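As structure tokens, the structure follows; a few thoughts come after it.
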Amino acid sequence: MEANNWTNDILNSSEGITKVIPDTLLFSKIQNKISIQNSVSRQWIWIAAASFTILVSLNVKMLLSNATKTTVPTETIVSSVSNSNQLY
């Protein structure tokens, strides 16, 4: 019961507050800044697309070059180990 009274007191605490009216000049300035849309030029969009394409192509090239490498260093290490497979 006490918790409900406390909750109701908190919810009703804003009843006596008077609404503040903003300055009309300041309010219109804020509205104008909100309404202005920032646009990105097409040049920057094409630059971003080109850099993304270059990045993807470099990644694909690196993946393909790593996949085609032979396992010669691994085979060399394996062949250098004695018949008992002891490294020391």
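The values are calculated or read from the model by the stated rules, or taken from the named source; none is laboratory data. Every value quoted in this text rests on a predicted model; they were computed, and no experiment measured them. No Cβ is skipped: glycine too gets one built from the backbone with ideal geometry, and neighbour counts run over all protein chains shown. Accessible surface is based on the protein model in full, side chains and every heavy atom, while ligands, DNA and RNA are left aside. Shrake-Rupley method; radii C 1.70, N 1.55, O 1.52, S 1.80 Å.
Basic side chains Lys and Arg get +1 at the Cβ, acidic Asp and Glu get -1 at the Cβ, and with that the dipole of the stretch 1-51 about its Cα centre reaches some 580 debye. Against the criterion of solvent-accessible heavy-atom surface with a 1.4 angstrom probe, 13, 39 sort, most first, into 39, 13. Charge tally for residue 9 (other residues, Cβ to Cβ under 12 Å; Lys, Arg +1; Asp, Glu -1): -2. Projecting the Cα atoms of 37, 13, 24 onto the charge dipole of the stretch 1-42, computed from C-beta unit charges around the Cα centre, puts 37 farthest toward the positive end. Go through the stretch 33-39 residue by residue and turn each phi into a ³J(HN,Hα) via Karplus (6.51, -1.76, 1.60, θ = phi - 60°); whole Hz please, and just put x for glycine and proline. Working through the residues one at a time gives 5, 5, 6, 6, 9, 7, 10 Hz.
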